[in-house]
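Undergrad: Pasting in a structure now, in structure tokens, and then I'll have a few things to ask.
The values are calculated or read from the model by the stated rules, or taken from the named source; none is laboratory data. Predicted model, so just to flag it, every value in this text is computed and none were measured. Every residue, glycine among them, receives a Cβ derived from its backbone with ideal geometry; neighbour counts consider all protein chains shown. Surface areas here come from the heavy atoms of the whole protein model, side chains and all, with no ligands, DNA or RNA. Shrake-Rupley method; radii C 1.70, N 1.55, O 1.52, S 1.80 Å.
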Amino acid sequence: MKQGIHPENYRLVAFTDMSNNETFIVRSTAATKDTIEIDGVTYPQVKLEISSSSHPFYTGKMKLVDTAGRVDKFMNRYQKHFENRKK
């Protein structure tokens, strides 16, 4: 391998999916201020909103997360189009 081209801070980092609290450890250069202790070892922690363990595409579960009612507004507005398409 070529010397001097790789980052100096390449280390084990714990990534935590905040939607299901699943944590996985991989090597990364991600900058973080948080740390987490797993099995007696302290790792830098990166908090994720969504990962492959909670994303509907990877889990096969469709889940709509909507706090402002945007999905309902959309469905109400275009309900006629969906009904015509089904016929």
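Undergrad: Would a scan of the stretch 46-56 turn up a residue that is of a type outside the set (Val, Ile, Thr) and at pLDDT 90 or above?
TA: Checked the stretch 46-56: at least one residue is of a type outside the set (Val, Ile, Thr) and at pLDDT 90 or above.
Undergrad: Any chance you could count how many residues in the stretch 1-24 are open to solvent by 70 Å² or more (accessible area, probe 1.4 Å), outside any loop (DSSP other than H, G, I, E, B) and more than 11 Å from residue 54 (Cα to Cα)?
TA: The number of residues fulfilling the criteria is 2.
Undergrad: For a quick check of your reading of the model, give me the residue pairs whose first member lies in the stretch 1-28 and is more than 18 Å from residue 41 (Cα to Cα), whose second is of a type in the set (A, V, I, L, M) and open to solvent by less than 70 Å² (accessible area, probe 1.4 Å), with beta-carbon atoms closer than 8 Å and at least 6 apart or on different chains.
TA: So the pair list comes out as 17/48; 18/48.
Undergrad: Also, quick follow-up: What tally of residues in the stretch 57-71 results from selecting those that are at pLDDT 65 or above and open to solvent by 100 Å² or more (accessible area, probe 1.4 Å)?
TA: Qualifying residue count for the region: 2.
Undergrad: Keeping to the stretch 25-48, report how many residues are open to solvent by less than 50 Å² (accessible area, probe 1.4 Å) and part of a strand (DSSP E or B).
TA: Qualifying residue count, the stretch 25-48: 8.
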